[in-house]
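See below for the structure under consideration.
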Amino acid sequence: MSDAHSLETLIQALKRLPGVGVKSAQRMAFHLLQHDRATAQVLSRALADAVERTQHCERCHTFTEGTVCATCLDPERDASKLCVVETPADQLAMERTKAYKGLYFVLMGHLSPLDGIGPKDIGMAKLFERACDGSVQEVILATNFTAEGEATAHVIAQGLQARGVRCTRLARGVPVGSELEYVDLGTIAHALVDRR
């Protein structure tokens, strides 16, 4: 197998991506090398460039090429609202709704004591400092509705309430266009409790 060392290294690297198993990694590697070497070169350069140039925004911690991201620099954004999300992908999802015009704080993860991820690892002190800067009137917790996301939201909410900062949580409920009989019971229960 020494003749295919670089191929095996590529497969192992692709396998590290979320949701990519051995077979998918092999298919991608073989496709790129056999049918689309030009795309492989573009992908290689784009990945190297992104790793080299992308850093964390000093204010919100999302990815940016500058010191401060475009969202934080946008004078049209509502600085009185700060939405806390787990990842840049979550921030992008919020932006695609076009329903939120405030600012963000990206945790880059969630609390997970079993994995050794505590408040320091997700920048909680920086979040509290930002939330108490005098311009923020409401912090919207938009962490995921997983056990870790709920625990993270709970810890943040307690910390913010102790500092006198108004804190809200994204509502949970029945998805638009769904039929009640097919919605899971937990979602129905939360929708009933959080009804308006």
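Observations
- Residue count, the stretch 72-126 (criterion: among the small types (Gly, Ala, Ser) and in contact with a Ser or Thr (Cβ under 8 Å, 6 or more places away or on another chain)): 4
- Qualifying residue in the stretch 68-88 (condition: small (Gly, Ala, Ser), under 14 Å from the mean Cα position of the chain (by Cα) and either surrounded by 11 or more Cβ atoms within 10 Å (Cβ to Cβ) or outside any strand (DSSP E or B) (or both)): no
- Residues of the stretch 89-98 that are touching a strand residue (DSSP E or B) at 6+ places or on another chain (Cβ under 8 Å) and either polar (S, T, N, Q) or in a loop (DSSP other than H, G, I, E, B) (or both): 91 alone.
- Considering the conditions (1) out of contact with any Lys or Arg (no Cβ under 7 Å at 6 or more places or on another chain); (2) farther than 18 Å from residue 91 by Cα; (3) open to solvent by less than 30 Å² (accessible area, probe 1.4 Å), residue 191 is excluded by exactly one of them, (1).
- Hits in the stretch 37-60 (condition: over 18 Å from residue 13 (Cα atoms) and open to solvent by less than 100 Å² (accessible area, probe 1.4 Å)): 38, 54, 55, 56, 57, 59, 60
- The set of residues in the stretch 7-30 that are open to solvent by 90 Å² or more (accessible area, probe 1.4 Å) and in a helix (DSSP H, G or I) comprises 23, 27, 30.
- Filtered residue count, the stretch 120-150, keeping only those that are buried (at least 16 other Cβ atoms within 10 Å of the Cβ) and either of a type in the set (Phe, Trp, Tyr) or closer than 17 Å to residue 61 by Cα (or both): 14
- Any hit, the stretch 99-114, residues being at pLDDT below 95 and part of a helix (DSSP H, G or I): yes
- Contact map, the stretch 27-44: first residue touching a residue at least 24 places away in the same chain (Cβ under 8 Å), second residue in a helix (DSSP H, G or I) and among the small types (Gly, Ala, Ser), Cβ cut-off under 9 Å, separation 6 or more or different chains; pairs are 33/40.
- Output for the stretch 162-173, where each listed residue is open to solvent by less than 80 Å² (accessible area, probe 1.4 Å) and either touching a residue at least 60 places away in the same chain (Cβ under 8 Å) or more than 19 Å from residue 149 (Cα to Cα) (or both): 164, 165
The values are calculated or read from the model by the stated rules, or taken from the named source; none is laboratory data. Predicted model, so just to flag it, every value in this text is computed and none were measured. Heads up, the Cβs are rebuilt from the backbone with ideal geometry, glycines too, and the neighbour counts pull from every protein chain shown. Please note that ligands, DNA and RNA were not included when accessible areas were found on the heavy atoms of the full protein model with its side chains. Shrake-Rupley method; radii C 1.70, N 1.55, O 1.52, S 1.80 Å.
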